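Here is the structure we will look at.
The values are calculated or read from the model by the stated rules, or taken from the named source; none is laboratory data. Keep in mind that what you see is a predicted model, and the values were worked out from it rather than measured. Please note: Cβ atoms are built from the backbone with ideal geometry, for glycine as well, and neighbour counts cover all protein chains shown.
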Amino acid sequence: MGGCSLSVAALVPKAELEGEMGDAHVALQARLMSQALRKISHSLNRSNSMLLFTNQVRARMNSFPAFGGVQETTSGGKALKYYASVRLDVRRTGSVGQKGQLSGNTVRVKVSKNKLAPPFREVDLELVFGRGICPETEALDVGATHGIIQKTGSWYYYNGERMGQGKEKAKAYLKENPSIFAKIQGELRTKLFGESSDPAEAAALHTLNEETEMDGSPEDSTSR
């Protein structure tokens, strides 16, 4: 069970909402966040639930570019940093698709805090608009790293069979061949986690995901 707060920076305290423009509310949001998190953290622990917060990065007011560059911080005070079990720093690193027809962004995710596993790890991901993390790109990158997929120059191969030249064509090949994609995912799970998987079940799940994406309208995809 879990919940999500769209943005800490967009949370408006009641006093600020009912007040006038220009009224001073020094550290009001930070104080409210500290009070709320003291209550919420106990309830989340007892109910075995999670709460996801998103936030924005801001420049520190007292930082100077001439002395090591502008330092960054997040809004809402320090309480959220303290109570959080996991903190992820997500940065956009590039775009996916051709110019004028972008389909997503590439992002780098750094684990800046983790109470559940080793922290300070980084991963590069491809986020597709209206879809999320691209599983085909993930399979190609991780598969090539662990030798399940072979890459010669710009060509991708699986068990000696040519998948395509370039990542985009290799991704299209995996989408058109869900059974092969399921086999690759199964080998990756076995390689990384020691888990055995059912290729038929994975192929059915892949087909279901594709049908779900087709049901969404273009307007829905562009608005996210």
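Assorted remarks:
- Selection of region 164-177 for residues being surrounded by 14 or more Cβ atoms within 10 Å (Cβ to Cβ), over 24 Å from the mean Cα position of the chain (by Cα) and more than 14 Å from I149 (Cβ to Cβ) yields an empty set.
- Checked against (1) farther than 14 Å from L80 by Cα; (2) touching a Ser or Thr at 6+ places or on another chain (Cβ under 6 Å), L6 meets all criteria but (2).
- Residue that is nearest to K169 (Cα to Cα), among those in region 91-131 that are aliphatic (A, V, I, L, M) and more than 12 Å from the chain's Cα centre (by Cα): V96
- Subset of region 82-95 (residues that are in contact with a Ser or Thr (Cβ under 6 Å, 6 or more places away or on another chain) and part of a strand (DSSP E or B)): R87, D89, T93, G94
- Contact map, region 22-43: residues that are surrounded by 15 or more Cβ atoms within 10 Å (Cβ to Cβ) paired with residues that are polar (S, T, N, Q), Cβ distance under 8 Å, separation 6+ or inter-chain. Pairs shown: Q29/S75.
- F120 meets all of the listed conditions (1) of a type in the set (A, V, I, L, M, F, W, C); (2) within 23 Å of L102 (Cα to Cα); (3) free of Cβ contacts under 8 Å to residues at least 60 places away in the same chain; (4) out of contact with any Phe, Trp or Tyr (no Cβ under 9 Å at 6 or more places or on another chain) but one, namely (2).
- Residue list for region 119-157, filter: touching a strand residue (DSSP E or B) at 6+ places or on another chain (Cβ under 7 Å) and more than 21 Å from R108 (Cβ to Cβ): I149, Q150, S154, W155, Y156, Y157
This table checks each residue for (1) aliphatic (A, V, I, L, M); (2) modelled with pLDDT under 90.
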site	(1), (2)
L44	yes, yes
L51	yes, no
L88	yes, no
V96	yes, yes
G100	no, yes
G104	no, no
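- Residues within region 77-101 that are in contact with a strand residue (DSSP E or B) (Cβ under 8 Å, 6 or more places away or on another chain) and buried (at least 16 other Cβ atoms within 10 Å of the Cβ), tallied: 4
- Residue check, G104 in contact with a Phe, Trp or Tyr (Cβ under 6 Å, 6 or more places away or on another chain), surrounded by 12 or more Cβ atoms within 10 Å (Cβ to Cβ) and closer than 30 Å to M50 by Cβ: yes
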